[in-house]
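> There's a structure below that I have some questions on.
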Amino acid sequence: MANEGGDGWQGTRRRPDTPQPIWVHLVQALPPQRGVGYRNTPLHVRAGGIDISATVPGVLLAWHQTCVGDWWALATFELTNRSGRPGLVVTQLVPAKAVKPR
């Protein structure tokens, strides 16, 4: 973490001087919302749905602190299915525990 912002968010936002390469552990960033269960999920959904078990490369844009003191990473990364086809590029907040330096 590097520079603090001076626009009213001082102390609760930090931006690196340049975007930093990171790993995003998707199961921590996008925890499963089990409903029917894996065994009852149709095969076409298991094959074509977003693979949240993966750890994917991403880019850290900034850190943001919540009102209770937790730090969240603003990160850009790609979501794919298990076939590895190009997927959906997202930029979103993820909990600090879901990211590691790459």
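The values are calculated or read from the model by the stated rules, or taken from the named source; none is laboratory data. Every value quoted in this text rests on a predicted model; they were computed, and no experiment measured them. Neighbour counts run over all protein chains shown; Cβ positions are idealised from the backbone, glycine included.
> With the checklist (1) surrounded by 15 or more Cβ atoms within 10 Å (Cβ to Cβ); (2) of a type in the set (G, A, S); (3) in contact with a Ser or Thr (Cβ under 8 Å, 6 or more places away or on another chain) in hand, flag the one item A62 doesn't pass.
In the conditions (1) surrounded by 15 or more Cβ atoms within 10 Å (Cβ to Cβ); (2) of a type in the set (G, A, S); (3) in contact with a Ser or Thr (Cβ under 8 Å, 6 or more places away or on another chain), A62 misses (3) alone.
> Now a separate question. Tell me the strands (runs of 3 or more DSSP E) entirely within the chain that contain at least 1 residues that are at pLDDT 95 or above and of a type outside the set (D, E, K, R).
Counting at least 1 such residues, we get 20-25, 55-65, 71-79, 88-95, 99-101.
For every residue, the table says whether it meets (1) exposed (fewer than 13 other Cβ atoms within 10 Å of the Cβ); (2) farther than 16 Å from P31 by Cα; (3) of a type in the set (S, T, N, Q).
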| position | (1), (2), (3) |
| --- | --- |
| C67 | yes, yes, no |
| R82 | no, yes, no |
| V94 | no, no, no |
| P101 | yes, yes, no |
